[in-house]
1. List ILE134, ILE117 from most exposed to least, where exposure is judged by having the fewest other Cβ atoms within 10 Å.
2. Given points 7 Å out from each Cα along the Cα-Cβ axis, report the ASN166 to GLU230 separation in nanometres with one decimal.
3. Given axes a ≥ b ≥ c from the Cα gyration tensor, I'd like to know whether region 90-230 is rounded (a/c under 1.5), prolate (a/b larger than b/c) or oblate.
4. Taking neighbour counts of Cβ atoms within 10 Å as a proxy for exposure, in what order, fewest first, do ILE36, ILE227 appear?
5. So how do SER314, SER339 line up by other beta-carbon neighbours within 10 Å, fewest first?
6. What is the spin-label model distance, in nm, from ASP316 to THR135 if the labels are put 7 Å beyond Cα along the C-beta direction?
7. Please compute the length gained on full extension between ARG405 and SER35, using 0.36 nm multiplied by the number of residues separating them and subtracting their Cα-Cα distance.
8. Under 5 Å between amide hydrogens, which residues at least 5 positions from GLY256 or on another chain qualify, with H placed 1.01 Å from N in the peptide plane?
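Any read-out appearing in this document is the output of simple, stated calculations on the displayed coordinates, not a laboratory observation. The shown structure was predicted, so the numbers you read here are calculated from the model rather than taken from an experiment. Ideal geometry is used to build each Cβ from the backbone, glycine not excepted, and the neighbour counts take in all protein chains shown.
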Amino acid sequence: MRGCPEQMNYLHFRISTTFSPMDCLVLRLVGALSSIAFASIPSSDARLARPHQPSKFSSHWPTAARDLLPNGPAGFRGLIYWLALSGDGAVASIFVRVFLLCRPSFYAELAEQSSRIILARAICSRLDSTAEQITGQDVPCLDPRISSTAQLLNLLVLFCGAEWPNWRCLFEGLEVELLASVFPAIAACGEAQIPVKLQLCRFASELYATLDDDAYDSMPATITNFIFDEQVSYGGCFRHFRDLLRWLTNRPGCAGPNCPKHAERKLQRSLCARCRLFYYCSKECQMEHWHLRPHPHKTVCRLLQRVLACAPPSLDPAQFAAACRAHGLGIEELSIIYSNVLGKRLLTFADEEAAQAEAFTTLSQMELLHEFDTAIRVESDRVFDIMDTLFELPLEHHISKLLCRYLLHRVDLASRKGTPS
């Protein structure tokens, strides 16, 4: 550009310098290349991605992860770098598709703290610029400038939380910085951006889970309401338990706690003869799971057999709950299964008894919130009795305060509108 003879013209010089700097040309080139690559990757390949399942490629390019990342995990550092610099939606979109198809490489790269910092700064930069652009605008449809970033954050929660053991450390030390960018983006979302708003709220709630209890005191009402509304949406602890059994039934691969084949479908597997819920690739994996501490499968295998015999997960939610209750399976029995099956991944208790107590409290809260929601929708007099029972649960102090705030919010909405929220 500097070699152009028209540079002698002052106006031409000013225009070319202002609107065509080298970095602008490079960003436009990256955006164009991202658009081409995005169009080349079949959308069905990315849509088929599921947690704990290996990626499925088509017979055409790309046929494997090496086609997208020929340099291995280091290729993700380049994607993260351009995600931070470019505001082009195509760059975020190609990042999402490559992430879905090449997740193991992504996790390997994010083991490096420098990559985690770059990713966090990229997210903040995109959220800040987008929130500033759409604030006050009456956008009639989903705005791709913010929906692409929100989709990325939602996928990080969904896949990293399920597949990557170091998920809780992904943004360690960067939570406050990220929340400072997420909150304005949530506030900028209008009526047409509700799906985006929910995705951002879910990401924010996951960030809070890694912070100290004191941080909850300043949690915005938007996030508080989202957390408990999501618990209400489970439809009670029995429906949630039915969904857990369905997930376990369809979970691919070996259930061995340290088996590298946990995500592989095409392998020789044997089924647990008693509960018929867990698959194993070898006798060694089955024995390791049977004696696993502090959550051995041995303690719940017979109980799972009893549950599946009287209440198969194929029943609809109401029938499943009724069948469980009819056979004396209450929250106490469910909490034993929850703490055992999910203990290693979701709970931080080394003691089995403490894990069961925590699971019992969580499931009780879930069931009572479901009853509260049902009662307030029909203006039942039971609303305040249920609230009293909720407050009697042995909740942590900061959770109790958030729950109180949420329940009063729902009561206030119902009294002002004459109908429940």
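1. Fewest-to-most ranking of ILE134, ILE117: ILE117, ILE134.
2. If labels sit at ASN166 and GLU230, their model points lie 2.4 nm apart.
3. oblate
4. By the 10 Å Cβ count, ascending, the order reads ILE36, ILE227.
5. Values: SER314 11, SER339 28.
By the 10 Å Cβ count, ascending, the order reads SER314, SER339.
6. Going from the ASP316 label point to the THR135 one covers 4.8 nm.
7. 128.6 nm
8. CYS281
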